[in-house]
Amino acid sequence: MTSNAAQCPSASKSKAAQDHEDTAVRETLDRIRHKFLVMSGKGGVGKTSVSVNLAMALAERGHRVGLMDIDIHGPDIPRMLGLNGNLEGSGSKLKPLAYSPGLCAVSVESLLPNRDDAVIWRGPLKHSFIRQFIGDVEWGPLDYLVIDSPPGTGDEPLTIAQSIPDARAIIVTTPQEVSLGDVRKSISFCKTVKMEIFGIIENMSGFVCPHCKQPVQLFGSGGGRELAASSGIRFLGHIPFDMNIVSCGDQGASFLKNFKNSQAAKAFDSIASAICQ
């Protein structure tokens, strides 16, 4: 599905092929109760870590959860879940990789012969590929589909907005003004494409020094809550910076299981609770 992968999706289709794709997308979405697009106007805010840990937290609550990685050029979901191997066919559809009985995932990285190959596509190819990830994957019935989007307001989130009309956005920011300025663009994007914003998460919100045990505001504090209040958007919570999130992501281990008593794990669980209400 790239110049280096099995097959590149076609950007142009016949009417019959387009009708078939539309039907497959619609039938898949009809079996998924809730769809959330995790997005941010800025890179480096920990959006993928938030996506992974929220999906895990929802699955831990007994829900059936799918995690779709639409960061075509920088896919990290398989590594962070510790998933190896490629997506394989199940009849006429691809079977997502299973992380646990309640959580499965798909990513372009799971289609590459070499996970370090670059994906070099223009917008129409990305649009077609993402729709294939919806309609051509055997997701089965899901309670939640969590969609991890790349930074910005370009092709990938636009494709989700056009293809999943009832998707709701969860916007991730860090407290400092540079990040908040880009998040305002994400809010503008959602309003423009008529996507409901479920809420804002302030990530990397404070850090407790492991040596002196004193709190340190690495990126300031409170900016996400203030932006949510001024924009009339629900504030979902603060997630403190925790070095164990980084190490668990690198190792493909579950932060929520290994550090369930940490403040960050409790924050993820609290946000998952808000999503389930």
Within segment 166-185, does at least one residue satisfy the condition of being under 20 Å from Ser107 (Cβ atoms), touching a Ser or Thr at 6+ places or on another chain (Cβ under 7 Å) and buried (at least 18 other Cβ atoms within 10 Å of the Cβ)? yes
For the condition within 22 Å of Gln277 (Cβ to Cβ) and either assigned to a helix (DSSP H, G or I) or in contact (Cβ under 8 Å) with a residue 24 or more places away in the chain (or both), what is the one hit in Ile134, Ile130, Ile147? Ile147
Take the residues of segment 163-191 that are modelled with pLDDT of 90 or more and of a type in the set (S, T, N, Q): which is farthest from the chain's Cα centre (by Cα)? Ser188
Matching residues in segment 137-146 - criterion: being more than 12 Å from Leu29 (Cβ to Cβ) and surrounded by 20 or more Cβ atoms within 10 Å (Cβ to Cβ): Tyr144, Val146
Could you list, in sequence order, all residues of segment 91-118 that are among the hydroxyl-bearing types (Ser, Thr, Tyr) and surrounded by 12 or more Cβ atoms within 10 Å (Cβ to Cβ)? Tyr99, Ser100, Ser107, Ser110
Suppose we filter segment 86-99 for residues that are aliphatic (A, V, I, L, M), under 30 Å from Ser273 (Cα atoms) and part of a loop (DSSP other than H, G, I, E, B); how many remain? 0
Phe198 passes all but one of the listed conditions (1) touching a strand residue (DSSP E or B) at 6+ places or on another chain (Cβ under 9 Å); (2) at pLDDT below 90; the exception is number (2)
Output the residues belonging to segment 73-89 that are surrounded by fewer than 22 Cβ atoms within 10 Å (Cβ to Cβ) and either at positive phi or out of contact with any Leu (no Cβ under 8 Å at 6 or more places or on another chain) (or both). His73, Gly74, Asp76, Arg79, Gly82, Asn84, Gly85, Gly89
Return yes when Ser90 is touching an Asp or Glu at 6+ places or on another chain (Cβ under 9 Å), at pLDDT 90 or above and among the small types (Gly, Ala, Ser) and no when it is not. no
What single numbered condition from (1) part of a loop (DSSP other than H, G, I, E, B); (2) modelled with pLDDT of 85 or more fails to hold for Lys213? (2)
For Ser128, state whether it is among the small types (Gly, Ala, Ser), modelled with pLDDT under 95 and crowded, with 19+ Cβ neighbours inside 10 Å. yes
Odd one out for Lys191, checked against (1) out of contact with any helix residue (DSSP H, G or I) (no Cβ under 9 Å at 6 or more places or on another chain); (2) under 23 Å from Val50 (Cβ atoms); (3) in contact (Cβ under 8 Å) with a residue 12 or more places away in the chain: (3)
Residue pairs meeting the criteria (Cβ under 6 Å; at least 6 apart or on separate chains; first under 12 Å from Ala228 (Cβ atoms), in segment 176-187; second hydrophobic (A, V, I, L, M, F, W, C) and outside any helix (DSSP H, G or I)): Val183/Ile171
Quick check on Arg225: is it out of contact with any His (no Cβ under 8 Å at 6 or more places or on another chain) and of a type in the set (D, E, K, R)? no
Have a look at Asp116, Asp71 and point out the one that is among the acidic types (Asp, Glu), part of a loop (DSSP other than H, G, I, E, B) and closer than 30 Å to Ala272 by Cα. Asp71
Filter segment 216-236 down to the residues that are at pLDDT 95 or above and under 23 Å from Gln263 (Cα atoms), then identify the one that is surrounded by the fewest Cβ atoms within 10 Å (Cβ to Cβ). Arg234
With the structure loaded, tell me whether Leu83 is in contact (Cβ under 8 Å) with a residue 40 or more places away in the chain, within 25 Å of Leu58 (Cα to Cα) and in a loop (DSSP other than H, G, I, E, B) or whether it fails that test. yes
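The values are calculated or read from the model by the stated rules, or taken from the named source; none is laboratory data. Here the structure is a predicted model, which is why all the values come from computation and not from measurement. A quick note on method: Cβ atoms are made from the backbone with ideal geometry, for glycine too, and the neighbour counts reach across all protein chains shown.
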